[in-house]
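The values are calculated or read from the model by the stated rules, or taken from the named source; none is laboratory data. For clarity, every value in this text was computed on a predicted model and none was experimentally measured. Here the Cβ positions follow ideal geometry from the backbone for every residue, glycine too, while neighbour counts run over all protein chains shown.
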Amino acid sequence: MVAHLGRGQMTDEGKWKIVSLMKKHGNPNAVAPQVPCDVRTVNKWWSVYQKHGTVVVPRNRSGKMGQQKKWDYDVKRSLKRIVETKDVCYAVDIQKCSRYKLKDVPLRTINRILLEILGCEVKKKSRCQLLSEAQKRKRVEWATEHLNDDISKTVYTDESTFELHFSHGHRRCLPGQHPGPSNEVKYPEKVMVWGAVSLCGTFEIVILSENVNTQTYITTLKQFFRVLPHAAPGVKPDQIVFQQDGAKPHTATETIAFLKSKKITLLEHWPANSPDLSPIEPIWSWMKHQIKKMTLRDRSDLEAAITEVWGRIPRKVVEGVINAYPKHLAECILRDGEKTGHY
């Protein structure tokens, strides 16, 4: 009578013997007597080898061999619910959620499950201004009124500021490693620009040498209308719909009088605190992401980089953000004027 190896008695040498014999014979019934062990053991280690490429697999890890700790099942379900519904970030805050029984679970276990099993990452939330009820109501009214506008003739404009020294204030660290100080310039060099986009593409960007007031804004508009025939051949000023936000230089009496003198149709009464509805805001975000990758020394380098990146914005990117504009208006209506998250 052949003595078979009991549970837990199979050595690594025996496991590899099973693998080599299965490669040779392919029949568990023929392999089992030669090890010796039962057929179920042969099938088990042959399956492990086919799945992992080895028979030496750590135990008690998610997705690996061995039974997981009970905490991994219960806590995983609770943590997933918290991450989806609660505005929390750190394990200490998660542990304090009274609705879930996590007070007895070690912080290391919570962090391990969040990182290894759920794949959660700590991310910086985008800044978003709070909207009053009146602003939400006006956003819904404006979006409803302009939902079916003809976007093919609309020119979307806005200013944006670019900084020479950028620091996002985050760093990926090993467990227990301190991120260290964030090296930031207290008063970084800034460049303000004005740009305009339409389904025709991008127009010439204007680098502003000073803060925007009514006179500088009118000067910028004069420059825009001067290059319009070259940027969009065949398009006359009186054929476009001009979009601008509600900044004071934009809505000043002199500015409105100048635009009316050019017979420009204005997209009036743009709702306050609504950059998420503007198609040009994603363009600024795309540009800033590209400029962050560059090594810039001074203001002239930054201005040159802005002009260079603006000139190579893909036409598909511009068309994509403008064609998505009606969808953002519809989403704003569905969300009762709340931020759409597209900024």
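Here are the numbers for this structure:
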quantity: From 295, 340, residue being in contact with a His (Cβ under 9 Å, 6 or more places away or on another chain) and of a type in the set (Ser, Thr, Tyr); calculated: 340
quantity: Selection from region 306-342 of residues that are of a type in the set (Ser, Thr, Tyr) and closer than 24 Å to residue 193 by Cβ; calculated: 307, 325
quantity: Every residue from region 209-220 that is touching a residue at least 40 places away in the same chain (Cβ under 8 Å) and in contact with a Phe, Trp or Tyr (Cβ under 9 Å, 6 or more places away or on another chain); calculated: 212, 218
quantity: Set 235, 206: member being surrounded by 16 or more Cβ atoms within 10 Å (Cβ to Cβ), among the aliphatic types (A, V, I, L, M) and without any contact (Cβ under 8 Å) to a residue 40 or more places away in the chain; calculated: 206
quantity: Of the criteria (1) charged (D, E, K, R); (2) outside any helix (DSSP H, G or I); (3) at pLDDT 70 or above, which one residue 76 fails; calculated: (2)
quantity: Residue satisfying condition, being closer than 18 Å to residue 159 by Cα and modelled with pLDDT under 90, within set 204, 281; calculated: 204
quantity: Residue match in region 213-222 (condition: in the same structural domain as residue 284 (by TED's automatic domain parsing), in contact with a Gly (Cβ under 9 Å, 6 or more places away or on another chain) and not in a helix (DSSP H, G or I)); calculated: no
quantity: Segments classed as helices (runs of 4 or more DSSP H), wholly inside region 87-156, with at least 3 members that are under 29 Å from residue 274 (Cα atoms) and either among the acidic types (Asp, Glu) or at pLDDT 75 or above (or both); calculated: 133-145
quantity: Matching residues in region 238-263 - criterion: being assigned to a helix (DSSP H, G or I), surrounded by 14 or more Cβ atoms within 10 Å (Cβ to Cβ) and touching a helix residue (DSSP H, G or I) at 6+ places or on another chain (Cβ under 8 Å); calculated: 249, 250, 255, 258, 259
quantity: Meets criteria (in the same structural domain as residue 278 (by TED's automatic domain parsing), modelled with pLDDT under 80, among the aliphatic types (A, V, I, L, M) and farther than 23 Å from residue 307 by Cα) for residue 235; calculated: yes
quantity: Any hit, region 265-287, residues being free of Cβ contacts under 8 Å to residues at least 12 places away in the same chain, over 36 Å from the mean Cα position of the chain (by Cα) and surrounded by fewer than 15 Cβ atoms within 10 Å (Cβ to Cβ); calculated: no
quantity: In region 167-193, residue modelled with the highest pLDDT [restricted to those that are surrounded by fewer than 16 Cβ atoms within 10 Å (Cβ to Cβ) and under 30 Å from residue 271 (Cα atoms)]; calculated: 190
